[in-house]
Number of protein chains: 2
Amino acid sequence: MDVKTLCLGVLSMGDASGYEIRKVFDEAFSHFYVAGFGSIYPALAELTREGYATCKNIEQEKRPAKNVYHMTDAGMAAFRAALADTYPSHKVRSDFMVLLVFAHLLTPAQVRLTLQQRLSDIEANLAHIDSGLGCGDSCHTEGAKFAAGFAHAVLLAGKEYIEQYKDGFLSTLENKEKE
Amino acid sequence: MDVKTLCLGVLSMGDASGYEIRKVFDEAFSHFYVAGFGSIYPALAELTREGYATCKNIEQEKRPAKNVYHMTDAGMAAFRAALADTYPSHKVRSDFMVLLVFAHLLTPAQVRLTLQQRLSDIEANLAHIDSGLGCGDSCHTEGAKFAAGFAHAVLLAGKEYIEQYKDGFLSTLENKEKE
DNA sequence: TATTTATATATCATCATGATATATATCTTG
DNA sequence: CAAGATATATATCATGATGATATATAAATA
């Protein structure tokens with residue numbers, strides 16, 4: 001699934017500017033998709049060119065003007081078709097796990113810090129879901145709740161695994177170092 | 001962390017051709033990093049150009065010749081430096097979760113299939129780790145074992161969540177459809 | 001015998017990333 | 001109160017990753 005399709009998804013929840021779409025990615029979608037301005041603005045420009053969205057320049061008081069995008073019927077049809085055609089892949093790209101696999105090339109202190117950083121990131125993510133932002137104001141559907149629950153369960157399992165095995169792992173690394 | 005750095009990591013475990021490096025990505029690293037030929041070959045070419053690896057063309061009987069890469073001391077130093085400088089990020093890109101969030105735009109049958117596909121992918125991943133390939137022949141270090149255990153715990157939690165809440169979720173979607 | 005799978009490398013258009021630039025206004029902190 | 005940080009808003013660009021395609025051979029399978 002590309003950023004263009006996901007922008008259509010955000011627009012299916014209501015009209016929005018590029019900046020507002022980015023906030024949805026950052027807040028509601030952050031547990032399963034990352035996208036920045038560099039992807040979103042070109043995507044919106046092409047959706048407009050293809051007739052899947054229309055763009056209206058809105059003047060604001062005490063704020064810069066914004067370009068608000070609105071999804072067309074063709075856009076909605078394209079989004080439904082894209083969903084029906086999407087395989088439910090689930091990919092992880094984890095520098096955390098790379099550091100673990102090559103832990104023997106780091107000092108035990110560096111590995112300890114790595115584990116602590118991952119733990120505090122997980123805790124921040126869990127807090128984000130618990131606060132309700134993981135769903136977003138915009139999407140309080142059954143599907144969004146199920147997705148948030150899934151993300152929560154997965155994060156919690158990772159946290160518990162690290163907490164349970166961290167000390168044993170670090171001791172082993174420290175002993176190997178002495179040899 | 002880019003593909004170039006991870007290729008250095010694979011070479012730190014022993015000399016290898018591009019094709020063999022790809023197999024390591026596919027087998028040992030598949031739970032946290034995806035990379036194909038299109039990324040690996042250019043990365044190896046640049047590592048050679050930078051003096052971090054040397055390349056030797058090896059003729060084989062009944063097989064095409066291969067370019068075997070060997071890490072230099074400068075390459076090892078660069079790899080250690082890159083590890084020390086890497087934040088332990090952990091990013092998910094999940095079309096599965098996108099489909100969940102927009103489940104109201106699919107039929108309940110499509111959502112059911114989506115959940116089944118994810119479950120069988122998770123089961124395949126768990127079996128891969130249980131078989132020992134998740135660590136790879138090459139890396140049977142403490143770090144690789146810890147990483148494999150982490151991946152296993154996270155996958156299992158996802159599987160259990162889906163199994164536990166799947167039926168309730170699908171019933172709700174079916175009831176909403178009747179309205 | 002025919003097809004698929006495995007070994008092996010290379011290239012390329014398309015897409016995503018992350019940084020940088022620009023401009024203004026509000027909020028916070030010392 | 002002034003300085004700096006944060007929030008609103010968009011655009012661009014070099015670099016890097018993706019996924020597909022091309023090419024060639026041999027072994028395994030049907």
Review point. So how do A:60-72, B:47-59 stack up, highest first, on mean other-Cβ count within 10 Å?
Key: B:47-59, A:60-72
Revision key, fill the gap. If labels are modelled 7 Å from Cα along the Cβ direction, residue A:109 lies from its partners in the other copies at nm distances, smallest first, of 6.3
Exercise for review: Quick one: which residues, 5 or more positions from residue A:53 or on another chain, have an amide H under 5 Å from its amide H? H modelled 1.01 Å from N in the peptide plane, none for Pro or chain starts.
Suggested key: A:48, A:72
Revision key, fill the gap. Per the rotation taking chain B to chain A, min distance Cβ-to-axis on chain B (residue, whole Å) equals B:157, 2
Review point. Once you average over the residues of A:157-163, how many Cβ atoms of partner chains fall within 10 Å of each Cβ?
Key: 5
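Suppose every Lys and Arg Cβ carries +1 and every Asp and Glu Cβ carries -1, with no other charges. What dipole size does segment A:11-99 come out with about its Cα centre, to the nearest 20 debye? Show your work: numbers first, answer last.
Working: 10 positive and 11 negative charges, 27 e Å.
The dipole of segment A:11-99 has a size of about 140 debye.
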Practice item. Let me know the charge dipole size of segment B:1-47 about its Cα centre in debye, to the nearest 20, where only the beta-carbon of Lys, Arg (+1) and Asp, Glu (-1) is charged. Key: 40
Check your understanding: How many Cβ atoms of partner chains, on average, are near each residue of A:114-126 if near means within 10 Å of its Cβ?
Key -> 2
Point to revise | Averaged over B:27-35, number of beta-carbon atoms from partner chains that fall within 10 Å | key: 4
Check your understanding: Put the label 7 Å from Cα along Cα→Cβ for residue A:76; what are its distances to the other copies, in nanometres, shortest first?
Key -> 6.4
Exercise for review: Report, largest value first, the span of the C-alpha coordinates of chain A along each principal axis, in whole Å.
Suggested key: 67, 36, 28
Revision key, fill the gap. Per residue, the convex hull enclosing the alpha carbons of the protein assembly as shown has a volume in Å³ of 185
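Suppose every K and R has +1 on its Cβ and every D and E has -1 on its Cβ; what is the size of the dipole of the protein assembly as shown about the Cα centre, in Debye to the nearest 20? All intermediate terms of the calculation are to be shown ahead of the outcome.
Values: 36 positive and 46 negative charges, 101 e Å.
In total the dipole reaches around 480 debye.
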Review point. Taking amide H positions as placed 1.01 Å from N in the peptide plane, with prolines and chain starts having none, which residues 5 or more places from residue B:16, or on another chain, fall under 5 Å of its amide H?
Key: B:69
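Relative contact order, percent, of chain B when contacts are C-alpha pairs under 8 Å separated by at least 6 residues?
Dividing the mean separation by the residue count of chain B yields 22 percent.
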Check your understanding: Given chain B, what count of lysine pairs have C-alpha atoms under 28 Å apart, with each pair 8 or more places apart or on different chains?
Key -> 19
Check your understanding: Using alpha carbons only, what's the Rg to Rh ratio of segment B:51-100 with Rh from Kirkwood?
Key -> 1.29
Review point. Tell me, what HN-Hα J-couplings in whole Hz come from the Karplus equation 6.51 cos²θ - 1.76 cosθ + 1.60 at θ = phi - 60° for each residue of segment B:73-79, using x for Gly and Pro?
Key: 4, 4, x, 5, 4, 5, 5
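We did not get these values from a lab; they are worked out from the coordinates using the rules stated. If you're wondering where the values come from, they're calculated on a predicted model, not measured in any experiment. Positions of Cβ are generated from backbone atoms using ideal geometry, with glycine treated the same way; all protein chains shown enter the neighbour counts.
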